[in-house]
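Chemist: One structure is given below, represented as structure tokens, and several questions about it will come after.
The values are calculated or read from the model by the stated rules, or taken from the named source; none is laboratory data. Please read all numbers here as calculations on a predicted model, not as lab measurements. Here the Cβ positions follow ideal geometry from the backbone for every residue, glycine too, while neighbour counts run over all protein chains shown. To get the accessible areas, we keep the full protein, side chains included, count just its heavy atoms, and leave off ligands, DNA and RNA. Shrake-Rupley method; radii C 1.70, N 1.55, O 1.52, S 1.80 Å.
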Amino acid sequence: MKRVALLGATGSIGRQAIEIVNAHPELELCAAASGSSSLDDVDVPLKQVGGDLTELLERAQPDVVLNAVVGFAGIHATLWALEHGVDLALANKESLVAAGELALSAQERGGGRILPVDSEHSALYQCLQGRDPETVHSLVLTASGGPFRGRSRESLAAVTVDEALAHPTWRMGRKITVDSATLANKGLELIEAHWLFGIDFGRIEVVVHPSSIVHGLVRFRDGAALAHVGYPDMRVPISYALAHPDRPATPVAALDFSGALTLSFEPPDLEVFPLLALAREAGEGGGTFPCAYNASNEIAVAAFLDGQIGFLDIAATVEETLGRVVGAPARDLHDLVEADSEARRLAARRLIAA
Ligand SMILES: NC(=O)c1ccc[n+]([C@@H]2O[C@H](COP(=O)([O-])OP(=O)(O)OC[C@H]3O[C@@H](n4cnc5c(N)ncnc54)[C@H](OP(=O)(O)O)[C@@H]3O)[C@@H](O)[C@H]2O)c1
């Protein structure tokens, strides 16, 4: 029996995780948390609405933490799991992007595993299983391209929140859905992949693949590539991360080739979607640049969802914030929280000026 602490239990990933846990007798929820929504309908011994997630984790002593909180708010739980050698099923990519080296040092001390929940990283993790790192040529992350794929930059100036939330292939929470429309989500995933797999940014490529059937590919030095394919359904990577190394059945259909199934790929448009290129720059810059990228993006996306700024202002806010921060490495969590706050402050100031 594996005891699961589910953080972000009321969200898109959280709800699907509850379904997976309920379907598998070897998984048991021992704790659940949300930010402010009620957890009355979740049957679990320990629950917490708001407050310090690490206190809940201390009380619960889980075997695995599923961090499905959205945003930097998930950082303490990520570091707690890594520091305590508890398996971390990681949906909260923002925490790994922001913490980077701090997270890896915590993992080195604690010895726990990071089991990616992001479908692309789960795909790459599976393609890399048992491979000699020496044989890996490069990683390929696929992106659906979001609802604005193929659009011109000018045409995006006046898009509405509803249009940005109309994702073609995935049903997700509001923040990540906007991130998918700007390609910031793929930018965060690029940095996440760098830390998860220890691969240089120059060897991680992003490719637009509109149907979201191929979740990720690993190219090897002999010219072969392994891909992970399946219908876009987060219950697959959630189940994989929670049950690892087992691979239990899910209700997701097997890939069907009896109808037409066309797989197409194209390069991302970095002019129209500058947040992808900015993420690469922030990742290569290192230090707290990725933390600032994430923080300013969170502030800008919240303002966009609130109707305060236009779609193109999201990237402009992140770009301007990155131009103003120092990006010095964080020695500890305190430094990181400071860097996050400073980037939020700069981004908010830019929004007032916009
Ligand atoms: N959805 C997907 O398909 C998907 C795919 C890949 C990766 N992810 C990643 O998974 C994470 C969650 O995404 P989501 O789409 O599930 O988001 P979501 O639907 O917005 O849910 C977010 C969850 O986080 C909780 N939360 C927010 N702030 C919190 C805080 N300060 N303390 C504790 N809990 C807090 C929310 O609680 P309340 O309900 O009280 O606000 C909610 O339960 C994100 O990092 C996202 O990038 C999601």
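Chemist: Considering only helices (runs of 4 or more DSSP H) fully contained in region 70-141, which possess at least 1 residues that are at pLDDT 95 or above and over 18 Å from the mean Cα position of the chain (by Cα)?
Modeler: In region 70-141, the matching helices (runs of 4 or more DSSP H) lie at 75-83, 101-110, 119-128.
Chemist: Could you identify the single residue in 312, 270, 263 that is among the hydrophobic types (A, V, I, L, M, F, W, C) and touching a Ser or Thr at 6+ places or on another chain (Cβ under 8 Å)?
Modeler: Among 312, 270, 263, only 263 is among the hydrophobic types (A, V, I, L, M, F, W, C) and touching a Ser or Thr at 6+ places or on another chain (Cβ under 8 Å).
Chemist: Shifting gears a bit: May I ask you to list pairs of residues, at least six apart or on different chains, whose Cβ atoms are under 9 Å apart, with the first in region 164-187 being within 12 Å of the ligand (Cβ to nearest atom) and the second being among the hydroxyl-bearing types (Ser, Thr, Tyr) and part of a loop (DSSP other than H, G, I, E, B)?
Modeler: 167/144; 169/144; 169/211; 169/212; 170/144; 170/212; 180/144
Chemist: Between 84, 137, which is away from the ligand (no atom under 16 Å from the Cβ), surrounded by fewer than 17 Cβ atoms within 10 Å (Cβ to Cβ) and either in contact (Cβ under 8 Å) with a residue 24 or more places away in the chain or small (Gly, Ala, Ser) (or both)?
Modeler: None of the other options fit; the residue is 137.
Chemist: Given 270, 261, which one is under 21 Å from residue 216 (Cβ atoms) and modelled with pLDDT under 95?
Modeler: Result: 261 is the single residue among 270, 261 that is under 21 Å from residue 216 (Cβ atoms) and modelled with pLDDT under 95.
Chemist: Does residue 309 meet the test of being of a type in the set (Val, Ile, Thr) and exposed (fewer than 14 other Cβ atoms within 10 Å of the Cβ)?
Modeler: Taking the combined requirement at face value, the residue does not satisfy it.
Chemist: So which residues in region 12-41 are assigned to a helix (DSSP H, G or I) and among the hydroxyl-bearing types (Ser, Thr, Tyr), if there are any at all?
Modeler: 12
Chemist: From the set of residues in region 1-20 that are more than 6 Å from the ligand (Cβ to nearest atom), open to solvent by 10 Å² or more (accessible area, probe 1.4 Å) and in contact (Cβ under 8 Å) with a residue 40 or more places away in the chain, which is farthest from residue 76 (Cα to Cα)?
Modeler: My answer is 19.
Chemist: Can you give me the number of residues within region 243-264 that are assigned to a loop (DSSP other than H, G, I, E, B), open to solvent by less than 40 Å² (accessible area, probe 1.4 Å) and away from the ligand (no atom under 16 Å from the Cβ)?
Modeler: Count: 2.
Chemist: So, in region 218-242, of the ones that are surrounded by 22 or more Cβ atoms within 10 Å (Cβ to Cβ) and more than 21 Å from residue 256 (Cβ to Cβ), which residue ends up farthest from the ligand (Cβ to nearest atom)?
Modeler: In this case the residue turns out to be 218.
Chemist: For region 50-69, enumerate the residues that are within 22 Å of the chain's Cα centre (by Cα) and either farther than 23 Å from residue 114 by Cα or of a type in the set (Asp, Glu) (or both).
Modeler: Across region 50-69, the qualifying residues are 50, 52, 63.
Chemist: Would you confirm whether any residue within region 47-61 is surrounded by fewer than 24 Cβ atoms within 10 Å (Cβ to Cβ), part of a strand (DSSP E or B) and more than 12 Å from the ligand (Cβ to nearest atom)?
Modeler: No, region 47-61 has no match at all.
Chemist: Determine which member of the set 58, 19, 28 is modelled with pLDDT of 95 or more and farther than 14 Å from residue 242 by Cβ.
Modeler: That would be 58, the only listed residue that is modelled with pLDDT of 95 or more and farther than 14 Å from residue 242 by Cβ.
Chemist: All but one of (1) surrounded by fewer than 18 Cβ atoms within 10 Å (Cβ to Cβ); (2) outside any strand (DSSP E or B) hold for residue 193; state the number of the condition that does not hold.
Modeler: Every listed condition holds for residue 193 apart from (1).
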